[in-house]
Amino acid sequence: MSDIDAQRVAERIDTVLDILVAGDYHSAIHNLEILKAELLSQVKDDVASSSKHPRSPWEI
């Protein structure tokens, strides 16, 4: 199960929205790319750790 802190993600999205409102599109896009990479990395780590356990035939 993923251990993503929804409150933290929401706060970071709010920050990106503030940056967009300020008109700094380059920084907003950069911050979104960082957030995306961190989330994908966390999901990748979760999948890797769960794949170490053999699955039952009905879980495949």
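The values are calculated or read from the model by the stated rules, or taken from the named source; none is laboratory data. Because the structure is predicted, anything quoted here is derived from the model rather than measured. So basically every Cβ, Gly included, is an ideal-geometry build from the backbone, and we count neighbours across all protein chains shown.
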Cβ-Cβ under 7 Å pairs, at least 6 apart or on other chains, the stretch 3-28 side farther than 23 Å from SER41 by Cα, far side surrounded by 10 or more Cβ atoms within 10 Å (Cβ to Cβ): ILE19/SER27; ILE19/ALA28; ILE19/ASN31; LEU20/ALA28
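Quick grid of which residues meet (1) part of a helix (DSSP H, G or I); (2) in contact with a Phe, Trp or Tyr (Cβ under 6 Å, 6 or more places away or on another chain); (3) modelled with pLDDT of 95 or more:
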residue: ASP3; (1), (2), (3): no, no, no
residue: VAL9; (1), (2), (3): yes, no, no
residue: ASP18; (1), (2), (3): yes, no, yes
residue: VAL21; (1), (2), (3): yes, no, yes
residue: HIS30; (1), (2), (3): yes, no, yes
residue: ASP45; (1), (2), (3): yes, no, no
residue: ARG55; (1), (2), (3): no, no, no
